[in-house]
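Working notes, beginning with the structure itself.
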Amino acid sequence: DGFGGVQAGNRGQFFFLGRSEGLWQIFRAENNKAWPHQLTFFSEGIQSFKVSPDGKLVAVEVNRKGSEHNPLALVDAQTGEWQMLFDPGNFINQGMIWHPNSEAFVFRSNYENSKDFGLYLMDIQERDHRTLVEPGGSLSAMDFSPSGSLLLFARVFSNSHNQLKLLHLDKNLEIEDLEGDENPYKSQGVFGRSESELFILSNIKSFRQN
């Protein structure tokens, strides 16, 4: 009775959100099977999910009482077995982006001071995280470069204004500004097939026309 959030896995599989007993859960479908398989059975459903590049794992934002204070879990994409990865309590944890090697993902959280968001890298093997960008305002990760050495992220000022930045993971977490914060428009971007190829979508034209 509902579906959304389709993401590709491997071996012809894809994953999507579907309603089960009134809750959003993850379903897995395969090309050679007529009916999808329900992968998760969280008691309060899930808020969002992200499949790893190798298709073996799923990072999940688990719903908690309909609030924004959702913990993060890791789900096996084949068996549905899961482990809680990050549950600091009444804080916002979301926006998972997988590293290309499928061994870690970045997420944003305001758990350090309940106001400002930082960006954190969750190591799957260690089941632990480290800080990539210190909390400061509202930060949101967008994409890793193909090698995983660069992270595109944004500092968000409002719904119509953000500033794109690059985090150099191979250069002591050096941050490079791609736009000045004086430009009042909103942009988002993704990497192409190389470190030097970046596609940016922006509302700068419509803003200037207005």
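The values are calculated or read from the model by the stated rules, or taken from the named source; none is laboratory data. Nothing here was measured: the structure is a model prediction, and the numbers come from that model. Here Cβ is always computed from backbone atoms with ideal geometry, including for glycine, and neighbour counts include all displayed protein chains. Calculation scope for accessible area: heavy atoms of the full protein, side chains included, ligands and nucleic acids excluded. Shrake-Rupley method; radii C 1.70, N 1.55, O 1.52, S 1.80 Å.
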Residues (modelled with pLDDT of 90 or more, over 22 Å from the mean Cα position of the chain (by Cα) and on the phi < 0 side of the Ramachandran plot) located in region 165-210: 171
Unmet requirement for residue 102, which otherwise passes all of (1) in a loop (DSSP other than H, G, I, E, B); (2) open to solvent by 20 Å² or more (accessible area, probe 1.4 Å); (3) hydroxyl-bearing (Ser, Thr, Tyr): (2)
Neighbours by Cβ (under 8 Å, 6+ apart or cross-chain): first from region 23-35, open to solvent by 100 Å² or more (accessible area, probe 1.4 Å); second of a type outside the set (Asp, Glu) and not in a strand (DSSP E or B): 31/12; 32/12
Qualifying residue in region 121-135 (condition: surrounded by 15 or more Cβ atoms within 10 Å (Cβ to Cβ), at pLDDT 95 or above and more than 25 Å from residue 64 (Cα to Cα)): yes
Selection count where residues are open to solvent by 10 Å² or more (accessible area, probe 1.4 Å) and either at pLDDT 95 or above or part of a strand (DSSP E or B) (or both), scope region 145-161: 9
Hits in region 1-15 - residues which are under 26 Å from residue 66 (Cβ atoms), open to solvent by 30 Å² or more (accessible area, probe 1.4 Å) and in a strand (DSSP E or B): 3, 5, 6, 7
Tally, over region 40-60, of residues that are of a type outside the set (Asp, Glu) and open to solvent by less than 70 Å² (accessible area, probe 1.4 Å): 13
